[in-house]
Amino acid sequence: MMNVGPFLKFVGGKAGLLPQLTPLMPDTSSARGYRQPFLGGGTPFWQLYSKVRPAVLSDKNYRLIDAYLAVQGYVEPLIAELQRLDGQYSEARYYEIREALNRREGNLVERAAQFFVINKWGFNGLWRVNPHGECNVSFGRTSSGKPPVLCDPEALRTCSAVLQGVRLRCEGFRETLADAREGELVYIDPPYHPVSKTADFTGYTPDGFSYASPAQGGSLRRPAHRP
């Protein structure tokens, strides 16, 4: 199977756990499709299920879905924009681009490139927003002091080829699972599961995240520490 992606790094990515997860996962030979909510970097799709069709990938983070849509449908303009930004690496430029992202400036390709900058130049691949939905991830510094790689053209072209025919949806996990068909393989991996009462991060989207449903007396909105 083709070994591609992910083209974005995400806190909680499963690349390091795949040797343990793979033996537990079902065989793809009889799967009637694949879908993955909580997409993030999408490691299981890229590494294990990139040939299973039809495929549905979703996330509530519309900026992330913009990035996937740009890779899928506009990879050459995206590469050109990323290469243009690559030589502008600096802390001041990072915050300018973050502000443009928060104001939703530019077309799809430009917005996707802004998201790449946050992902690659920001602190540790973190994605976090305040209650208004504005990204507040701080600038990150590499241990070497050298700029991170913003764009790998050949890797992006390969990812674009794999994404052809994949349905990309900006929605919550309930919507993604509502029309799942019998025989589909579904990978569900919620982001940022709290490891303790003091390590409880839910600021991935403005409304947070919780397992409790409204019908269970719970809420999808959960207090989170946001600096």
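Each reported figure results from applying straightforward, stated rules to the coordinates on display, with no laboratory input. Small disclaimer: the values here were computed from a predicted structure and weren't measured. Note: ideal-geometry Cβ built from the backbone for every residue, glycine included; neighbour counts use all protein chains shown.
Could you let me know the centre-to-centre spacing of region 93-120 and region 156-176, using Cα atoms, in angstrom?
Centre-to-centre distance over Cα atoms comes out at 20 Å.
Given R₀ = 45 Å, FRET efficiency for Met25-Phe123 by Cβ-Cβ distance, to 0.05?
Working: r = 31 Å, r/R0 = 0.70.
The formula returns an efficiency of 0.90 here.
List the relative contact order of region 22-77 as a percent without decimals, with contacts defined as Cα pairs under 8 Å and 6+ residues apart.
Working: 36 pairs, mean separation 19.4, N = 56.
Taking the mean separation of contacting Cα pairs over the length of region 22-77, I get 35 percent.
For region 105-148, what relative contact order do you get, as a whole percent, if you take Cα pairs closer than 8 Å and at least 6 residues apart? Can you show the working numbers first?
Working: 34 pairs, mean separation 13.5, N = 44.
Computed over region 105-148, the figure is 31 percent.
So which lysines can Lys60 reach, going by Cα to Cα under 27 Å and dropping same-chain residues fewer than 8 places off?
Qualifying lysines at Cα under 27 Å: Lys9, Lys14, Lys51, Lys120, Lys197.
Which length gain, in nm to one decimal place, applies between Glu182 and Arg53 when the Cα-Cα distance is subtracted from 0.36 nm times their residue separation?
Values: separation 129, 0.36 × 129 = 46.44 nm, distance 1.38 nm.
Additional length available on full extension: 45.1 nm.
Using a/c under 1.5 as the rounded threshold, could you call region 36-180 rounded, prolate or oblate? The axes a ≥ b ≥ c are square roots of the C-alpha gyration tensor eigenvalues, and prolate needs a/b larger than b/c, oblate otherwise. Walk me through the numbers before you get to the answer.
On the way: a/c = 1.85, a/b = 1.42, b/c = 1.31.
It comes out prolate by the Cα gyration axes.
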